[in-house]
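Student: Mind having a look at this structure? Questions to follow.
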Amino acid sequence: MNLKKYRVEDKLKLSAFKTNETGKGSEAEALERSAARQPKLAAWQERLYAEGKQSLLIVLQARDAGGKDGTVKHVLHGLNPQGVVVTSFKVPTAQELSHDFLWRVHAAAPAAGMIAVFNRSHYEDVLVTRVHGLIDQPEAEARYEQIRAFEALLMGRHTRILKLYLHVSKDEQKERLQARLDDPQKRWKFNPGDLKERELWDDYTRAYQDAISATSSKDAPWYVIPADHKWLRDDLIGQLLLETLDDMNPKFPEPSFDPAAVQIR
Ligand code: ATP
Ligand code: MG
């Protein structure tokens, strides 16, 4: 599949992207592709870790029940946990709020050799805050600029950044929230507050469009991933990860000694 069509090149209009795409072929084929990809991802991760020079940051943003947790579970499960750090950004604490909004985010940025996943991110600070009127448009614009500069700083330290918006329909969200209510094993995820956010669906659409348009660039692109079908979502993100790691092309370091000259007694 060519992933280019999911990349945000200029001004984003979410309605131009489908949520329920099924891609080419069947669900079974997509699941097979994802499974076959796992060892390849693991092999690249091994090199990234061994090389210890570059790092990868994956930003996951979505509405409630959009599939961020599922993406982490299904796309990254074959990787070595030692080389992956997942950070879930929640409502900021009093201490976090007493700093600038990037303070807690910078602390979670990937060290050399690591893959960092942000389950929600610094983008919350221009989304939920914007929708609830905690910041105004000029402040949002200022933050976009700060985000672009922050991401440029990370990229200057050999961090590759992938930003993914998991695109689900309002109907799909309804089904998933209902499943959280009905299924005792999912109920712990149900948060009545999510229903209030759901009522603000169109405000979030505008905020996402604005923020993504302002921060998608050739070097730190946003992708809008059709996410109503979890199997397609996982297949596409897996492919994107593989292509990215392949392009980063981390290498095992050369030994600083002559292995042939070493004798182990
Ligand atoms: P799900 O998508 O499964 O519902 P979640 O990501 O919503 O999971 P929760 O623990 O339910 O996880 O909620 C985290 C909450 O923290 C979200 O409502 C999010 O908007 C909020 N949040 C994260 N970062 C910020 C921020 N910088 N400012 C305000 N709220 C934030
Ligand atoms: Mg939630």
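The values are calculated or read from the model by the stated rules, or taken from the named source; none is laboratory data. Note that the structure is a prediction, hence the values are computed from the model and not measured. Glycine gets a Cβ as well: all are built from the backbone with ideal geometry, and neighbour counts include every protein chain shown.
Student: Counting just the residues of the range 201-223 that are out of contact with any strand residue (DSSP E or B) (no Cβ under 6 Å at 6 or more places or on another chain) and assigned to a loop (DSSP other than H, G, I, E, B), which one comes out farthest from ligand 2 (Cβ to nearest atom)?
Tutor: LYS218
Student: Next question. How many of the residues in the range 52-73 are surrounded by fewer than 19 Cβ atoms within 10 Å (Cβ to Cβ) and touching a helix residue (DSSP H, G or I) at 6+ places or on another chain (Cβ under 9 Å)?
Tutor: So the count comes out to 2.
Student: Which is more than 16 Å from ligand 1 (Cβ to nearest atom) and among the hydrophobic types (A, V, I, L, M, F, W, C), of ILE135, ILE161?
Tutor: ILE161
Student: Next question, about the same structure. Can you tell me how many residues in the range 39-94 are of a type outside the set (Gly, Ala, Ser) and modelled with pLDDT under 95?
Tutor: The total comes to 1.
Student: In addition: Out of LYS90, LYS24, LYS18, I need the residue that is free of Cβ contacts under 8 Å to residues at least 60 places away in the same chain, under 19 Å from the mean Cα position of the chain (by Cα) and loosely packed, with under 15 Cβ neighbours inside 10 Å. Which one?
Tutor: Going through LYS90, LYS24, LYS18 in turn, just one is free of Cβ contacts under 8 Å to residues at least 60 places away in the same chain, under 19 Å from the mean Cα position of the chain (by Cα) and loosely packed, with under 15 Cβ neighbours inside 10 Å: LYS90.
Student: Something else: What number of residues in the range 54-79 are in a loop (DSSP other than H, G, I, E, B) and within 16 Å of ligand 2 (Cβ to nearest atom)?
Tutor: Number of matching residues: 5.
Student: Moving on to the next point. Any idea how many residues of the range 152-164 are of a type in the set (D, E, K, R) and either farther than 29 Å from LEU200 by Cβ or assigned to a loop (DSSP other than H, G, I, E, B) (or both)?
Tutor: Result for the range 152-164: 2.
Student: Search the range 80-129 for residues being in a helix (DSSP H, G or I), touching a strand residue (DSSP E or B) at 6+ places or on another chain (Cβ under 9 Å) and within 16 Å of ligand 2 (Cβ to nearest atom), and hand back the single one that is farthest from LEU57 (Cα to Cα).
Tutor: The selected residue is LEU127.
Student: Within the range 135-151, can one find any residue that is assigned to a helix (DSSP H, G or I) and in contact with a Pro (Cβ under 7 Å, 6 or more places away or on another chain)?
Tutor: no
Student: Can I ask one more? Any residue at all in the range 52-64 that's more than 16 Å from ligand 1 (Cβ to nearest atom), within 18 Å of the chain's Cα centre (by Cα) and within 30 Å of TRP201 (Cα to Cα)?
Tutor: Within the range 52-64 (the criterion being more than 16 Å from ligand 1 (Cβ to nearest atom), within 18 Å of the chain's Cα centre (by Cα) and within 30 Å of TRP201 (Cα to Cα)), the answer is yes, since at least one residue qualifies.
Student: Can you go through ARG198, ARG180 and tell me which one is within 10 Å of ligand 1 (Cβ to nearest atom) and part of a helix (DSSP H, G or I)?
Tutor: Just one listed residue meets the conditions, ARG180.
Student: Continuing with this model, one more query. Considering only the range 103-122, state which residues are among the aliphatic types (A, V, I, L, M) and either surrounded by 18 or more Cβ atoms within 10 Å (Cβ to Cβ) or farther than 19 Å from SER55 by Cα (or both).
Tutor: Listed by number, the residues that qualify are VAL105, ALA109, MET114, ILE115, ALA116, VAL117.
Student: Say we look at the range 65-80 and pick out the residues that are under 28 Å from GLY156 (Cβ atoms) and away from ligand 1 (no atom under 13 Å from the Cβ); which of these is farthest from the chain's Cα centre (by Cα)?
Tutor: ASN80
Student: Return the residues of the range 159-186 that are among the aromatic types (Phe, Trp, Tyr) and more than 19 Å from the chain's Cα centre (by Cα); say none if nothing qualifies.
Tutor: Selection gives nothing.
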